[in-house]
1. How large is the accessible surface of Glu83 in square angstrom, using a 1.4 angstrom probe and rounding to the nearest 10?
2. Sort out for me the Cα centre separation of the stretch 171-199 from the stretch 74-123, rounded to whole Å.
3. Can you give the accessible area of Ile192 in Å² (nearest 10), computed on protein heavy atoms with a 1.4 Å probe?
4. Report the extension gain between Glu83 and Met111 in nm, rounded to one decimal, defined as 0.36 nm multiplied by the number of residues separating them, less their alpha carbon distance.
5. Taking a virtual spin label 7 Å from the Cα of Lys119 along the C-beta vector, which residues in the stretch 176-205 bring their backbone nitrogen under 16 Å of it?
6. Could you please put Arg148, Arg235 in sequence from largest to smallest accessible area, using a 1.4 Å probe?
7. With all protein chains present, how much of the accessible area of the stretch 91-247 (probe radius 1.4 Å) comes from carbon and sulfur, to the nearest whole percent?
8. Where only protein heavy atoms count, and the probe is 1.4 Å, what is the accessible area per residue for the stretch 124-247 in Å²?
Amino acid sequence: MTEKTTPDENADENNPIARRNFLLGAGTAVAAGLAPSGALQAQQPTVASSPAPTPEPDQFVTLTAPEAAFIVAVVDTLIPADELSPSGSDCGVAIFIDRQLGSAWGGGAKMYRGGPFHKGKPEQGYQLPLTPREFFAAGIAAANAWTRQTYGKDFDFLSAAQRVQALTAMEEGKAEFRDLNSRTFFNQLLAITMQGFFADPIYGGNRNKVAWKMIGFPGLPAVYADKIDAYRDKRYVAEPQSIADFS
């Protein structure tokens, strides 16, 4: 993300996050087989900012209205609409996240949660007693509490530049959350956003296969062995196909 870590109302809101770095990392993860599975000084703005677009309640199966508004604002910050793709929410990423958190996975199915829960090393992955659904609920509440203290309002009411600054502080572990590590929360947010953007559209994200088309990924089929020689060192363009196309 950006190097900026302090609020600045005059920051460039059109290119505050190194979006192509995000997409490059996400594209690499997809190629490898990605599958769904000190606080800043408070600042009161002089002009009220507009919140993120309010999601329709019937679109979501588990997220509350404030949680959905937070997720929409996050995915639209990480994946802003530009010449590469529509915004994250327009690509269905918020719907994907909601469905995942409302699934058996979100409820902690097949997760060992009997403790003891000692602090693990980064390479040991998730080491908390919370289910994914509980973790995201706690993280969203903590993030909004921190942005209210820092900026005077919830995350989805922040300006585009402020959202970037807030996510940067979380990414760097500088956002002081109560009872939760902000860096851990950001990493989980980024991971599930990438999954939603590049997963098969049947799961709710990657609407119209926009992410696959953007990176030239053919989708479900893996039967291109006969074209390797003919297209060596050449670009092979194929309309991507999803699970639904074979149903």
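The values are calculated or read from the model by the stated rules, or taken from the named source; none is laboratory data. Bear in mind the structure is a predicted one, so any value in this text is a computation, not a measurement. In this analysis, Cβ positions are derived from the backbone assuming ideal geometry, glycine residues included, and neighbour counts consider all displayed protein chains. Calculation scope for accessible area: heavy atoms of the full protein, side chains included, ligands and nucleic acids excluded. Shrake-Rupley method; radii C 1.70, N 1.55, O 1.52, S 1.80 Å.
1. Roughly 140 Å² of Glu83 is accessible to a 1.4 Å probe.
2. So the two Cα centres are separated by 9 Å.
3. 10
4. Values: separation 28, 0.36 × 28 = 10.08 nm, distance 3.98 nm.
That works out to 6.1 nm of additional length.
5. Taking a point 7 Å out along Cα→Cβ of Lys119, the residues of the stretch 176-205 whose backbone N falls under 16 Å are 176-185.
6. Numbers: Arg148 120, Arg235 185 Å².
Greatest to least solvent exposure: Arg235, Arg148.
7. Numbers: 4240 of 8150 Å².
Carbon and sulfur: 52 percent of the exposed surface of the stretch 91-247.
8. On the way: 6090 Å² over 124 residues.
That works out to 49 Å² per residue.
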